[in-house]
Amino acid sequence: MFFVAGLTVGIAIFSNTVDRISDFWNSSYMGRYTLMDWLHLPTGVVVAGIVIGAILLFWGAEVIENAMNGTKPDKQQIKYKVIGAVALSALALIVAFIGQPTPLERYQKFFPEKAQQLANREVQIEPPELLSYIANDHVRTVMLDVRDENDYNLFHIKDARHVSMDDLPKLSNELRKMPSNTLFVVMSNDEARATEAWKILVGESVDNIYILEGGINNWLATYNIVNEEERLKGTAIAFAPPEPIVAATGPDTLRYKFPAALGDQYPAAEPNPEEYEFDFTPKVKLKTKAPAGGG
Amino acid sequence: MTVSAKKKKPAPYANPYAAGALLGVILFSAFFLTGSGLGASGALQRYVAAIQDFFSPTSVNTNSYLLKYAGGDVEPLDNWLVYMSIGIVLGGFVSAWIHHRLSFSTGKGPHISVRTRWVMAFLGGIIMGYGARFARGCTSGQGLSGGTVLSVGSWAFLLAVFAGAYAVAYFFRRLWI
Amino acid sequence: MEHLFVSFPGPFPIQAMYGKIGFYTVTLLIGFGFGYMLEIGGFAKSEKLAAQFYLTDMTVFKVMFSAIVVGMVLVFGAAAMGWLDYNRVFVNETYLWPGIVGGLIMGVGFVIGGY
């Protein structure tokens, strides 16, 4: 058919000329951007609103059609249309009322096996394992530091991203899109907040995600080695040892004192993998992803 | 478009709302089963890429857009969209056959010749093909599927399609009315 | 509210379960249904399609938007019930202006070409 032939030609033309306009063609990228995101309204409201709007538009379309054709509306048909409209609206309202599941609900119900793994401590990886992945060129390691900003500024592992708990659902959109050889590690001072964040991200269908066992406190305990030479020269950045009484600092708090908020400038932020023996029980099992897409 | 008229009268078309609703169920099934919606232009894109790759692999490999469809070892026809397009054609054909709507005719308005209509169909096809890939999807992939899952880009696209068509309908009315 | 969850929400990893053949077969069947519905809605007849833009036959609008609205209610209904994981559903990425320009172009092509 001529039309299909035209389509083919049109696509061929586009394919071979898009390079020249690629700046425009790649502009205004907003990612996975839904109407709910744009309007800041809950999903149910948007759905119900669209249903009602569509019904009104259909009615208008009928009016226009009849006006243009000089036909009268068919009484019989009207009954069916009204029934259909009411049924659809009712459904939409029910959907709005039930609401979409929260990340934690998703975690609890979609991923029961994960809760088991969490309890068996299969998803908490030790600092040496994390370090080995940071050094590994075949795997991209994304570290998510969910502590308070103050703690993050005092010290964080090099290349760790600071994320607030509220941003997690939105962040999950970005994380899900990353290639399948990406490893995500969540960390807090101990494990409490990291575990919460982990549950949320698992519930949002992020794969290959693990918790840093013992958190930053454990990391520092492992890698907070002061270089004796530098200490004697006075160029070392020294830490105070951990607070002797754990109860005084409470759960999931940073148990180290830092003279200055240097973030990742401390040597412990970037331990040299070659200086340490990798002695750990490996727990990470990277999963690959199935393709999805559109046309 | 199709074979000669048979003796039976063609059946009337279904109620548009009913057809639409059923289409909606199919859309849902696609998302529910596979996570993706429908699509058509992506398939044609791949056929084009495959053909171009066959005749001139270098032109494909030096084109950053076509690379991802047919560059190097990538097999453009190894994609679900291609199979969906085969299904679409089959489905349309079978439906037309069952409803005795299979006929070779050229749909057009009363004021132009068949020849003109063919030319316009071809031209319209070129424009639509170009536009579909520009928008990264046609009315089924970008419009219906993206619209169902409430993508902002898809809704903007749909509005633009209707706006564009209504804007020029007046100027091309000789083709149809 | 407690959702009526099942432990196997869609979408399903069909390629993992049934391999490419299974996946492509499912897709083919879905495409078949799609083509069938389009035909019975009258989308194979260009005068019918073009008439939309002269306001005498609103079929295009009715079919498209009924499809979207019904599909949408089903998708989000299933998500609300925990039968479908919306996060794993493909949502077209938004490239706002190219999408709008492409749409306008398609609209023009639609009127000229008739499909």
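Below are the figures for this structure:
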{"read-out": "Members of region C:7-37 that are crowded, with 20+ Cβ neighbours inside 10 Å, facing chain B (nearest Cβ under 7 Å) and part of a loop (DSSP other than H, G, I, E, B)", "value": "C:Pro11"}
{"read-out": "A:Glu228 vs. criteria among the acidic types (Asp, Glu), surrounded by fewer than 22 Cβ atoms within 10 Å (Cβ to Cβ) and modelled with pLDDT of 85 or more", "value": "no"}
{"read-out": "Any hit, region B:48-59, residues being outside any helix (DSSP H, G or I), within 11 Å of chain A (Cβ to nearest Cβ) and either at negative phi or more than 17 Å from the chain's Cα centre (by Cα) (or both)", "value": "yes"}
{"read-out": "Residues satisfying the stated conditions in region A:1-52, i.e. buried (at least 17 other Cβ atoms within 10 Å of the Cβ), in contact with a Gly (Cβ under 8 Å, 6 or more places away or on another chain) and not in a helix (DSSP H, G or I)", "value": "A:Tyr33"}
{"read-out": "Tally of residues being among the hydrophobic types (A, V, I, L, M, F, W, C), assigned to a loop (DSSP other than H, G, I, E, B) and within 12 Å of the chain's Cα centre (by Cα) across region B:116-148", "value": "1"}
{"read-out": "B:Ala165 being within 15 Å of B:Ser41 (Cβ to Cβ), of a type in the set (Gly, Ala, Ser) and either free of Cβ contacts under 8 Å to residues at least 24 places away in the same chain or not assigned by TED's automatic domain parsing to the domain that holds B:Ala40 (or both)", "value": "no"}
{"read-out": "Single match in A:Asn66, A:Asn16 (criterion: among the polar types (S, T, N, Q) and not assigned by TED's automatic domain parsing to the domain that holds A:Ala85)", "value": "A:Asn16"}
{"read-out": "Residue check for B:Ser85: over 16 Å from C:Met64 (Cα atoms) and polar (S, T, N, Q)", "value": "yes"}
{"read-out": "Qualifying positions in region A:152-168 - farther than 14 Å from A:Ile209 by Cβ and touching a residue at least 24 places away in the same chain (Cβ under 8 Å)", "value": "A:Tyr152, A:Asn153, A:Leu154, A:Phe155, A:His156, A:Ile157, A:Lys158, A:Asp159, A:Ala160, A:Met165"}
{"read-out": "Within region B:66-115, tally of residues that are touching a residue at least 40 places away in the same chain (Cβ under 8 Å), in a helix (DSSP H, G or I) and outside the structural domain of B:Gly42 (by TED's automatic domain parsing)", "value": "0"}
{"read-out": "Residues within region C:1-49 that are over 21 Å from the mean Cα position of the chain (by Cα) and either at pLDDT 90 or above or aliphatic (A, V, I, L, M) (or both), tallied", "value": "6"}
{"read-out": "Given (1) within 7 Å of chain B (Cβ to nearest Cβ); (2) among the charged types (D, E, K, R); (3) more than 30 Å from B:Arg115 (Cβ to Cβ); (4) without any contact (Cβ under 8 Å) to a residue 60 or more places away in the chain, index of the condition C:Lys45 fails", "value": "(3)"}
{"read-out": "Considering residues of region B:119-155 that are surrounded by fewer than 24 Cβ atoms within 10 Å (Cβ to Cβ) and closer than 18 Å to A:Trp38 by Cβ only, the residue nearest to the other protein chains (Cβ to nearest Cβ)", "value": "B:Val152"}
{"read-out": "Search result, residues across region C:52-77 that are over 15 Å from B:Gly37 (Cα atoms), among the small types (Gly, Ala, Ser) and either in contact (Cβ under 8 Å) with a residue 40 or more places away in the chain or buried (at least 24 other Cβ atoms within 10 Å of the Cβ) (or both)", "value": "C:Ser66"}
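The values are calculated or read from the model by the stated rules, or taken from the named source; none is laboratory data. This one's a predicted model, so the numbers in the text were calculated from it and none came from an experiment. Virtual Cβ from ideal backbone geometry, glycine too; neighbours counted across all protein chains shown.
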